[in-house]
1. Using amide H atoms built 1.01 Å from N in the peptide plane, name the residues 5+ places from Ser119, or on other chains, whose amide H lies under 5 Å from its own.
2. Based on alpha-carbon centroids, what's the gap between the stretch 202-281 and the stretch 68-136 in Å, whole number please?
3. For the chain, list log₁₀ I(q)/I(0) at each q in 0.11, 0.13 Å⁻¹, using the Debye formula over Cα point scatterers of equal strength and ignoring solvent, two decimals each.
4. Leaving out ligands, DNA and RNA, and with a 1.4 Å probe, what % of the accessible surface on the chain is carbon or sulfur?
5. With a sphere of radius 14 Å drawn around the Cβ of Met201, what net charge do the other residues whose Cβ falls strictly inside it have (Lys, Arg +1; Asp, Glu -1)?
6. For each pair in Lys170/Lys256; Lys170/Lys194; Lys59/Lys246; Lys222/Lys294, compute the distance between the two Cα atoms and list the pairs where it is over 23 Å.
7. Which whole-angstrom value gives the distance between the alpha carbon centres of the stretch 32-48 and the stretch 289-335?
8. List every residue whose amide H lies under 5 Å from the amide H of Tyr257, counting only residues 5 or more places away in sequence or on a different chain, with H placed 1.01 Å from N in the peptide plane.
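The values are calculated or read from the model by the stated rules, or taken from the named source; none is laboratory data. In this text the structure is predicted, and so the values were computed from the model without any measurement. Quick reminder, even Gly has a Cβ in these numbers, built from the backbone with ideal geometry, and neighbours come from all protein chains shown. Note: accessible area is taken over every heavy atom of the protein model, side chains too, but ligands, DNA and RNA are not part of it. Shrake-Rupley method; radii C 1.70, N 1.55, O 1.52, S 1.80 Å.
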Amino acid sequence: MDDLAGNELFFTTLQEITSLINGGRAQETIFESVLSCALHMLQAQAVFLVTVEQGRIRKFARRRGPDGMLQPLERYELPSHAGISRWVLLEGEPVHVPDVGTDPRYHPSMDSLPGLSTSAVLAAPLKVRDAVLGVLVAVNRLEASPFDARHVRVVSLLANQTAIAIENGKLYRRAEQLAITDDLTQVYNYRFLKTALRREMQRAKRFRQPFALIMADVDNLKMYNDRFGHLRGSHLLRELAQILSKQVRGMDLIAKYGGDEFTAILPQTPRGGARAVAERLRASVAEHTFPNVKNGEITISLGLAMFPEDGIQAGSLIGAADAALYAAKQRGRNCVVEATGLVLAPNEERPKVA
């Protein structure tokens with residue numbers, strides 16, 4: 001590839017990567033673009049990205065087949081990090097190893113790909129400010145001339161663009177998470193609850209499956225706040241949210257509904273299973289030792305509503321669960337009341353739902 005054509009491809013790719021980043025595209029789409037460009041620009045036999053995030057080490061690779069054609073994206077999960085790429089990750093500097101056989105840092109499982117005989121390696125860190133997020137590696141130059149200083153610059157520039165893409169992806173995911181998470185308790189917020197409930201209703205209607213909605217309210221929270229202050233009351237709510245989250249399945253959803261109210265959506269759950277979950281939630285709170293009080297002083301009351309028996313619209317189902325919760329409060333607290341067949345006592349009035 002001549003310099004003019006190479007420069008045009010390089011800048012076109014940088015423009016494409018920038019466009020993908022600004023468009024919030026998936027990381028793998030950006031990775032494919034980077035790897036394809038690196039293969040062409042460096043005339044390498046294979047290139048790959050090693051990313052490290054929250055202890056998870058992954059490798060994304062592209063290589064040329066025997067016919068010279070680009071092969072599909074390869075993905076690997078790595079148990080540990082070693083080799084030349086690990087050195088680059090730790091030092092934060094690019095490296096060119098013209099003969100891996102003479103370099104004691106070389107580690108075949110990290111610095112190469114399955115079925116590939118590696119002779120030369122070129123690697124650069126994915127660096128944002130002082131943080132190194134991974135490594136971009138090129139293996140075996142196909143042309144007669146070996147990798148040189150120009151190729152080090154190219155792989156370093158591509159690595160920088162990739163690092164920006166990864167960092168932007170993290171920021172985007174964080175912003176998304178903040179938009180649907182309650183700041184205090186770190187469970188889903190009311191905004192997300194409404195979306196999730198509508199989605200679950202549509203799914204349940206389509207597949208004719210039941211699901212349960214549980215509303216829970218903290219008993220004696222006002223007393224706790226009056227005695228120990230609202231700051232400690234906030235800490236208690238955060239602790240209680242963690243307790244509730246540990247008692248449900250991964251497919252279930254716990255969300256903050258109001259000041260001291262929580263809601264649980266239990267997909268594909270019949271009445272018996274929902275009742276058991278509600279009782280488990282109640283018991284887990286009643287048996288927990290919260291700061292400054294004895295076991296049983298902080299409890300929750302719960303109202304349980306079933307789809308479709310207690311409502312086929314979000315508002316009516318929430319209203320049924322809320323009425324059952326209100327009845328649980330009136331009947332002594334620290335108990336579960338089901339909405340189905342609920343008959344209010346003379347001094348009870350079903351609350352209105354907007």
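1. HN-HN under 5 Å from Ser119: Asn140.
2. Answer, in whole Å: 47.
3. -0.80, -0.90
4. Using a 1.4 Å probe with all protein chains present, the chain comes out at 52 percent carbon and sulfur.
5. Around Met201, the charge tally is +4.
6. Result: Lys170/Lys256; Lys170/Lys194; Lys59/Lys246 exceed 23 Å.
7. 58
8. Amide H neighbours of Tyr257: Phe262, Thr263.
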